[in-house]
Amino acid sequence: MDDYLLAQLQRNSSSSHLNIRSSFNLSNAEQLNIPHLIPLAILIASSTMEPHQLLPALPPELRNLVFAHTISEANPATNTGLPFKQKVYDSKQTKVVIVPVHHGNTALLALNEANFSEAEEYLSWLLTNAIELRIAVLFKGDANAFVQEHWDQKIQAHLKNLVKKWPWLGKVVRYDVRIVWEPTAWKRSKRKKTVGAIAASMVEVLIGAMDGDLKRKRGVVKAGLHVRDFVAHDYVYHAQELGLKDFLAPKGDAVNTQVREVCIAPDGLGALGPKLPPHLRSLPDLNEEKDLLVEEKGIVEWGLCMKGRLLLRREVELGKAAAKSETGECSGQGDPAERTYLVLMKECLGAGEE
């Protein structure tokens, strides 16, 4: 395959008297490394802006195979080359940020500037087959005052309009949703409404744009609930549950693969905060602007508040009764912070028992 592609490139470049092997001194292992070929491609196109073809003799099926070979989880998540970059929905109780990303080859997309038809074809292939939607939710409301039905209706309307404008979003089968609960105020209550159940419902609404058949055949949904440490301390201190097992045991429409995880204490904010009794702790400044998703030079990463210490991760595959679970590590039984962690881990382990 490598020699064939090189032969096609050499044939295209013959008019410019360019030789791929001699110009770049490529080893056999590097001959199909697309970033190495990009400078050559731009040189070929520099003399004219007429449409060019990088792989003219390859049928569409083989070109798609080449495109698929460029996708790797080792590549950084990026929104480079995508027609839709980001959407933010901000309200009194939540802030929702939606960013599409891919793990493809940005150099191949850059060939569009040199008028290579494969660049547009590659983008079309990416939009159909290799997009992941990253959705970050800052839940800053009181769980007992939150009206789930109103929120669901508003977000469903927003998503419907978004898919109407960008139809390819309806073909996305990979979702990564992270919800951080950081209430500005909350009341302890005996009501059954829990943040775990609210977050689970949020996830079902946010993935609602996914095509039903694709969801069952190829859908992959990773969802995380991140509870701020000061909230966790307070709930444990007053012997109340967060409803974490409700979040870890999804009951919505069938998805091929679901990964749910619960985390606590975002990295960089302390192991679990100061070693003080929970009722003596002061609340942090919750009015400061938080970066949920950070984009720099096309690279998209999760913000600091969307990272945390793992309590439990649970993976469920459609048609399989058993779920794979992974717990975090807990030590130092006499430490108040570790006690909070241990109590919440036990609550998580209740998922799937009913």
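Since every read-out is calculated from the coordinates, none of them should be taken as a lab result. None of these values were measured; they are calculated from a predicted model. Positions of Cβ are generated from backbone atoms using ideal geometry, with glycine treated the same way; all protein chains shown enter the neighbour counts.
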Exposure proxy check on Asp176, Asp246, Asp142: fewest-to-most Cβ neighbours within 10 Å is Asp142, Asp176, Asp246
His52's amide H: which non-local residues (gap 5+, or another chain) put their own amide H closer than 5 Å, with H modeled 1.01 Å from N in plane and none for Pro or chain starts? Phe116, Ser117
XL table Lys165/Lys245; Lys165/Lys217; Lys92/Lys307; Lys140/Lys215; Cα-Cα > 28 Å flagged, in table order, is Lys165/Lys245; Lys140/Lys215
Whose amide H sits under 5 Å from the amide H of Thr94, counting only residues 5 or more places off or on another chain, with H placed in the peptide plane? Lys140
Show me the ranking of peptides 225-237, 338-350, 296-308 by mean Cβ neighbours inside 10 Å, starting with the highest. 225-237, 338-350, 296-308
